[in-house]
Amino acid sequence: MYTSNMAEQQHNSFREKWAFPSEVKEALGARRYEIKPTLQTYRSGRAKWLVRFYDGDILLAARDAMELTSKRTGTPYHVCLRHEPVKRAEPAAHDSKGTD
C-alpha cells in the first residue's frame, strides 16, 4: 500500500538529489547557465540534458539534467543534479613483484 508518508519521503529524496538550475547557479556563485540536450538517455529512457554554469566566460561546473513536465500547467521545466556525482575511486595498483 502506497501511503502519503511514502510519497513525502520519495519527494524529499528527489529534492536532495535534484534542484532547479537557478538554485545551483546561486550556490555556485555563477552569473549564468545554459541548458543543452545531449544524445544520451537515463536508464529510464528519459532524455539526458546538460547544464553548464558560467562566471563570465569561465566554465565553473556542469551538471546532468532532465526535462520534466509540470502536472499543474503542462509546461516543461528542467532540474539538474544538485552536486557533482561522486566518482568511484580507482583500485590501488599492486606491485607486480612478489613480497618476501
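At a glance:
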read-out: Cβ charges +1 (Lys, Arg) and -1 (Asp, Glu), total dipole of segment 17-81, debye; value: 300 debye
read-out: Virtual paramagnetic centre 7 Å along Cα→Cβ of Arg32, amide N under 13 Å, in segment 51-70; value: 52-59
read-out: Column: log10 I(q)/I(0), Debye, Cα scatterers of segment 17-81, q = 0.11, 0.12, 0.15 Å⁻¹; value: -0.26, -0.31, -0.47
read-out: Sparsely packed trypsin sites (Lys or Arg not before Pro) within segment 9-58, loop by DSSP, other Cβ within 10 Å at most 14; value: Arg31, Arg43, Arg46
read-out: Charge dipole of segment 17-81 about the Cα centre (unit charges at C-beta), most positive-ward option of Thr75, Pro21, Trp49; value: Thr75
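Bear in mind that the values in this text are calculations on the coordinates, not laboratory data. Computed from a predicted model, the values in this text were never measured in an experiment. Every residue, glycine as well, gets a Cβ built from its backbone with ideal geometry; the counts of neighbours run over all protein chains shown.
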